[in-house]
Amino acid sequence: MELASKLETNFTMVGDGGTAACPGDGAGAGDAGARLPRRIVLLGNPNVGKSALFNALTGLRATVSNYPGTTVEVYRGRLSGTDTEVVDSPGLNSLLPLSEDEQVTWDLVRSVRGEEGEVVVQVADAKNLRRALLLTLQLGQLDVPTVLVLNMHDEAEARGIRVDLQGLEAALGIPVRATVATRGLGIDGVAGALPLARPPRNHLPLPDAFAAPALALLNGQDARPAIPPAFLARYHESLLAYADGIARRHATEADSGGAHLSRRLGRLAIHPVWGWPILAVVLWVLYEFVGVFGAGTLVDLMEKRLFHGYLNPWAVALFSRVPWAFPRDLFVGEYGLLTMGLSYGLAIVLPIVLTFFTAFAVLEDSGYLPRLAVMSDRVFRLMGLNGKAVLPMVLGLGCDTMATLTTRILPTRKERVLATLLLALGVPCSAQLGVILAMLAALPLSAAAVWLAAVAGVMTAVGWLAARVLPGERGDFVVELPPMRLPALPIVLSKTAARVEWYLEEALPLFLVGTLVLFALDRLRFLEVIIRLGEPVVKGVLGLPAEASAAFLIGFLRRDFAATRLFDMSRGGGLDVVQLVVAMVTITLFIPCIANVFMIAKERGWKTAAAMAAFIFPLAFGMGGLVRILMHAAGFQGAP
Amino acid sequence: MTTPPLAPAPGPVTCSLCGFEYVPGGAACREIHCPIALGGCATRHCPRCGHTVPDEERSAAARLVRRLFGPRAPRAATTLADLPSGSFGVVAAILGDPGLQARLTAQGLAPGVAVHVVQTRPTWVIEVGETTIALERRVAEAVRLKPS
């Protein structure tokens, strides 16, 4: 209470003082508050609370879109009660672009530079002035009107860091404001400072060797300037050295001791010993929330109650009035766009995606996500990936189609292809997992261990080999670990909503296309042919009854159907232990569904998708056959 | 007829306790009444003071134990990967891939900056000012340190 009120007065004071003390020629100071800019671009280092400030400024009415021609998320909204557009850019560390994310921000900043009435609001972590100033100095070199916002001022004060805001304003020649965006403190001050924005003062004594090329690059007209990276490092060094001087003059150092709760928690989460139990608990909660609640409870509710109970019968009833069989089958038949495609995408995948993105936003905002990558780095390095791959892989346990979409977060093409392959091959989606777990329950522990060993072995071997065969390099594993924080519910919800919208746009059409292809195959009697062709393989190689061929194929095409087929077969006592394990291994290694193939094609191209399918299906059958031979040799037999 | 192959005749060693120079095995062993005085075991007895030490030239186990528990040989830390957890160092230069150099410098890891190594397992975690960065061995080896 006391702290909050103290902060509040502190902020008002800073805001007023800032306006009066704003340096420069004073031309803009007179009509302060009179003219708001047309557009504000929020910019800053990662994890400085940009999203929180964005939400505080816009009041949570954001739309998310991919920046044209990229996969980078850009949030847009309007400054509360005004027409001013607010754009939230991805976090970046330098304005000379290195990654795709930074390229997007670079383009946004360039668009601001030339325009009247557009300003950049640089959000900085008040605790880490030095790094923020690197960006501020670059904005100065670019001549971009800027307001500097020192966010998370409360955390800085708690660490004993005091920033001389007025001194900083004088040194940089721009308005500097302090905020605690998550609690809405100091937001009015930021809005009030917008008309005062001006280019940061720039008398950076860059060595001549760097100054000219840097300015040329910053001012360059090329869409994607070719920058020699070796030069960039020198440039950053000289900027940092200068920023360091300013930071030293206007901010005190942090108290060295005093391990605060968030700091301790952050270290505990990656502790060589205690990190593991914490990881286990997090993964368990994740599984309970996404796997049990989302893929179980919610899917049941949506699929059985809503779709099978109401929507599908309604649609069937509606279409029964249509006199022609063709449109009837097309929309509500066995492979109907509504009864299969839409209920697949909305009833089965949407709940998984919804719960996963909620969990993802919580992990992201709490700061645990990069720590998860740290803990799992070793495992993924075995497979030629690194810790950053943990996210798509975990999502794959929910839905491989969605997970394939999120492999975009991986830095190199090689890693994206590798992760896509391993997802399709070895990570069972919730549908496959459901059948597998039900069958596992009927098996002795030793047989279950055979299944696990076979799948893990194939994953590691294929990952290891593919990492050597595929051209290109694995990206370096460098991840910044933000402090652990309590996620703010409104931000979690708005992120989740924006991403679910994205799913509906990107993945849902693929479920419809997949259904359409099935419908066509069924009409042309192709399905029967494929099932017939598969029978000798299923019987001869896998030693399973011929009916299993239909189960495998339909399993690839329709999840609900295959689950019951194979499960019924095993429950009826038709399969012995070896047959069960063989069936499980083969199902796990299969590509989960046809939508996944379409997603691979969409993300990686048709050639890659075809190559992967041509690799995975024979491998799945071959591995099933191998397991059969080995298990017979090891003396497994009889009914479970 | 066939005798087990013997280890090559050992040269004289110096007792680390009393400084006496002796040839281990054989007479030296019998002299102190070792019950298994075979001349081939992996311990050495000083015939003057009786100080007994494991013969690391012969015993892989003794070498392993020393490596695991023995005092670390003071090695000059030349890169970040050489620093034990909890220690500090000052960056001299960042080598290797220029793209990596540019990224690290943008994150504040630049020559002249003090680095605190928080831990080295499961990966390296370092603190640079208020920034915490996790990196793999390959990257840690690219960060060259100033001699302390």
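Each reported figure results from applying straightforward, stated rules to the coordinates on display, with no laboratory input. Remember, predicted model here, so these are calculated numbers, not experimental data. We place every Cβ from the backbone using ideal geometry, glycine too, and count neighbours over all the protein chains shown.
Averaged across A:124-130, how many Cβ atoms of other chains sit within 10 Å of each residue's Cβ atom?
3
Over segment B:80-145, what number does the Rg to Rh ratio reach, with both radii from the alpha-carbon atoms and Rh per Kirkwood?
Working: Rg = 10.4 Å, Rh = 11.4 Å.
Result: Rg/Rh = 0.91.
Using the Karplus equation 6.51 cos²θ - 1.76 cosθ + 1.60 (θ = phi - 60°), what ³J(HN,Hα) coupling, rounded to whole Hz, does each residue of segment A:613-622 give in order, writing x for Gly and Pro?
So the J values, rounded to whole Hz, are 4, 5, 7, 6, 5, x, 4, 4, 5, x.
Going by average Cβ density within 10 Å per residue, which order do the peptides A:531-538, A:463-470, A:103-110 take, highest to lowest? The partial results should precede the final answer.
Details: A:531-538: 16.1, A:463-470: 14.5, A:103-110: 21.9.
My ranking of the peptides, most packed first, is A:103-110, A:531-538, A:463-470.
Mind jotting down the distance between the C-alpha centroids of segment B:43-114 and segment A:129-206, whole Å?
43
Search the structure for amide H atoms under 5 Å from the amide H of residue A:178, placed 1.01 Å from N in the peptide plane, and list their residues when 5 or more places away or on another chain.
Placed amide hydrogens put A:150 under 5 Å from residue A:178.
Run through segment B:47-140 and list the trypsin sites (Lys or Arg not before Pro) located in a DSSP loop whose Cβ has at most 12 other Cβ atoms within 10 Å.
On the way: sites: B:48, B:58, B:63, B:66, B:67, B:72, B:75, B:103, B:137, B:138; in loops: B:48, B:58, B:72, B:75.
The qualifying sites are B:72, B:75.
What whole number of Å gives the distance from the Cα centroid of segment A:292-365 to the Cα centroid of segment A:586-640?
27
Counting Lys +1, Arg +1, Asp -1, Glu -1, what net charge surrounds residue B:44 among other residues with beta carbon under 14 Å of its beta carbon?
Values: positive: B:30, B:48, B:58; negative: B:21, B:31, B:55, B:56, B:57.
Here the charged neighbours net out to -2.
Could you list B:29, A:399, B:18 so that the one with the fewest beta carbons within 10 Å of its beta carbon is first and the one with the most is last?
Working: B:29 21, A:399 28, B:18 11.
Starting with the residue having the fewest Cβ neighbours, the order is B:18, B:29, A:399.
Work out the charge dipole of segment B:13-69 with +1 on the Cβ of Lys and Arg and -1 on the Cβ of Asp and Glu about the Cα centre, then indicate which of B:25, B:61, B:51 is farthest towards its positive end.
Working it through, the farthest residue towards the positive pole turns out to be B:61.
On each of the three principal axes of the Cα atoms of segment B:13-69, give max minus min coordinate, whole Å, ordered largest first.
Sorted largest first, the three principal extents are 32, 24, 14 Å.
Please compute the average number of Cβ atoms from other chains found within 10 Å of each residue's Cβ in peptide A:235-242. Write out the running numbers ahead of the final one.
Details: counts 3, 10, 7, 2, 3, 8, 4, 0.
Taking all residues of A:235-242 together, the mean is 5.
Sorted from fewest to most neighbouring beta carbons within 10 Å, what does the list A:407, A:401, A:82, A:339 look like? Intermediate results must be reported in sequence, preceding the final value.
Numbers: A:407 27, A:401 31, A:82 14, A:339 23.
Placing the least packed residue first, the sequence is A:82, A:339, A:407, A:401.
Quick one: net charge around residue A:122, please, counting Lys, Arg +1 and Asp, Glu -1 for every other residue with C-beta under 12 Å from its C-beta.
Details: positive: A:50, A:131, A:177; negative: A:125.
Once positives and negatives cancel, what remains is +2.
For residue B:113, which sequence-distant residues (separation of 5 or more, or a different chain) have an amide H within less than 5 Å of its own amide H, given hydrogens modelled in the peptide plane?
Residues meeting the amide H criterion: B:91.
In terms of modelled amide H atoms, which long-range or inter-chain residues lie less than 5 Å from the amide H of residue A:121?
Correct list: A:41, A:42, A:43, A:147.
For the cross-link pairs A:50/B:146; A:127/B:146; A:304/A:495; A:50/A:304; A:414/A:495; A:127/A:388, which exceed 31 Å when the distance is taken from alpha carbon to alpha carbon? Show your work: numbers first, answer last.
Details: A:50/B:146 36 Å; A:127/B:146 27 Å; A:304/A:495 28 Å; A:50/A:304 41 Å; A:414/A:495 29 Å; A:127/A:388 26 Å.
As for pairs spanning more than 31 Å Cα to Cα, those are A:50/B:146; A:50/A:304.
Please give me the summed charge of the neighbours of residue A:519: other residues whose Cβ is under 10 Å from its Cβ, Lys and Arg +1, Asp and Glu -1. Could the numbers behind the result be given before it?
On the way: positive: A:523; negative: A:329, A:334, A:522.
Net charge in that neighbourhood comes out at -2.
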